[in-house]
Amino acid sequence: ELWSARAVSPKAVGEWTLDDVRVKFYASNGVVYTVTGKTGGVQTETYAMWVRGNVVTRSSNGYTFKSESVFYDPKAKRLSAPTAVQMEGPVDKEGARLELIGDGMTADMGTNQLKIAKDVKAKRHIPHGRVAQIQSNTALFSGKTNSAQFSGAVVIDIEAMRITGPRAEFAYDPTTGTL
């Protein structure tokens, strides 16, 4: 579904140019991704899309992503942001959430997986006023299992404790709001 304040399509170009864009993408498990931005475009033959300028992508399962641009590949059914991404996860019962920055994002509508491609840095408030700082090469979030997997040179710092390894996986229970 696509909404725009203004749409223009020069005859020779084969692309609609859009202003003040809002578009909804539907994943196979019923999760809806709503993307908003200043400008956008749709190729008339392929339906490939782009959105640029203060782009915010919200998923119906509680994730928010901010980036400068997002592209949609209709053949692969995939959203991607090729540059820096800021992410906030769903709020738990204590009011805390995962906050993350990284470089490059891909959201696959078929597998319901979202990947942050590189340079992942995250923080998560945990009980007793503590903060867990997480670094990894990549991060993978599942819309099916509500899990987060950090891979490649994982470092988790909690106060004076450091945990390192090749992979760390966290599961979030939306029913109880616990990690």
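Only the coordinates and a few stated rules stand behind these numbers; no lab work does. Everything numeric here is computed off the predicted structure, so don't read it as measured data. With ideal geometry, Cβ positions are generated from the backbone for all residues, glycine too; neighbour counts draw on all protein chains shown.
Computed quantities for the displayed model
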read-out: HN-Hα J in Hz across segment 2-11 - Karplus 6.51, -1.76, 1.60, θ = phi - 60°, x for Gly and Pro; value: 9, 10, 8, 5, 7, 9, 10, 9, x, 4
read-out: Approximate shape of the chain as ellipsoid semi-axes (Cα gyration tensor, √5λ), whole Å, largest first; value: 33, 16, 14
read-out: Segment 23-100-segment 112-172 distance, computed between alpha-carbon centres (Å); value: 20 Å
read-out: Equivalent ellipsoid semi-axes, segment 1-96, via Cα gyration tensor eigenvalues times 5, rooted, Å; value: 26, 14, 11
read-out: Karplus-derived 3J(HN,Hα), 6.51/-1.76/1.60, for each residue of segment 82-91, Hz, glycine and proline x; value: x, 10, 4, 9, 10, 10, 10, x, x, 7
read-out: Residues with amide H under 5 Å from that of A48, placed H, sequence gap 5 or more; value: Q43
read-out: Segment 99-179: Rg to Rh, with Rh as the Kirkwood radius over Cα pairs; value: 0.97
read-out: Per-residue ³J(HN,Hα) for segment 30-42, Karplus 6.51 cos²θ - 1.76 cosθ + 1.60, θ = phi - 60°, Hz, x for Gly and Pro; value: x, 5, 10, 9, 10, 10, 10, x, 6, 9, x, x, 9
read-out: Low-density loop positions, GluC sites (Glu not before Pro), segment 1-80 - DSSP coil, at most 12 other Cβ in 10 Å; value: E1, E45
read-out: For segment 64-123, diffusion coefficient by Stokes-Einstein and Kirkwood Rh (Cα), 37 °C, 0.692 mPa s, µm²/s; value: 271 µm²/s
read-out: Most mobile listed residue (V131, V70, V32) in the chain, GNM with C-alpha springs under 10 Å; value: V131
read-out: Positive-pole candidate from T145, W50, G30, dipole of segment 25-179, charges at beta carbon; value: W50
